[in-house]
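The structure under discussion appears below in the form of structure tokens.
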Amino acid sequence: MANERSTSVWDALVDSPEEAENLRLRSKLMRVLTRTVKSWDIPQKDAARQLHVTQPRLSDLLNGKIEKFSLDALVNLLTNADLEIDFIVKQKAA
């Protein structure tokens, strides 16, 4: 087996740079949402109600089940959490 070097953990997990970037973005949004929900210090059922999802769906988020969330779904959750997204698109570093 050849030694292959990946630039990120996501590159190592998937076959294309597009998939890796999608995973990276989803992971970042999930971390923000998880920190936000935990900062509310309320029961999961109440947090789920605030996000307009079921408690099992919120549990999937808090447990990092990235495969269950699309970028669209995460954007909707951020909106329901009274958060807004601002982003920068830039040239990749060499």
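Looking across the range 39-75, just one residue is under 14 Å from the mean Cα position of the chain (by Cα), over 14 Å from R26 (Cα atoms) and exposed (fewer than 14 other Cβ atoms within 10 Å of the Cβ), and that is S59. So, in the range 73-93, how many residues would count as being more than 23 Å from A47 (Cβ to Cβ) and among the polar types (S, T, N, Q)? Final tally of qualifying residues: 1.
Residues in the range 77-94 that are of a type outside the set (D, E, K, R) and either part of a helix (DSSP H, G or I) or at positive phi (or both): L77, L78, T79, N80. When each of L83, L71 is tested for being in contact (Cβ under 8 Å) with a residue 12 or more places away in the chain and over 13 Å from T34 (Cα atoms), the lone residue that passes is L71. Taken over the range 76-94, the criterion of being hydrophobic (A, V, I, L, M, F, W, C) and surrounded by 13 or more Cβ atoms within 10 Å (Cβ to Cβ) is satisfied by L77, L78, A81, L83. Residues considered: A12, A48. Of these, the only one that is touching a Leu at 6+ places or on another chain (Cβ under 7 Å) and either modelled with pLDDT of 95 or more or on the phi < 0 side of the Ramachandran plot (or both) is A48.
The values are calculated or read from the model by the stated rules, or taken from the named source; none is laboratory data. All of these numbers come straight from a predicted model, not from anything done at the bench. All Cβ positions, even for glycine, are placed from backbone atoms using ideal geometry, and neighbour counts span all protein chains on display.
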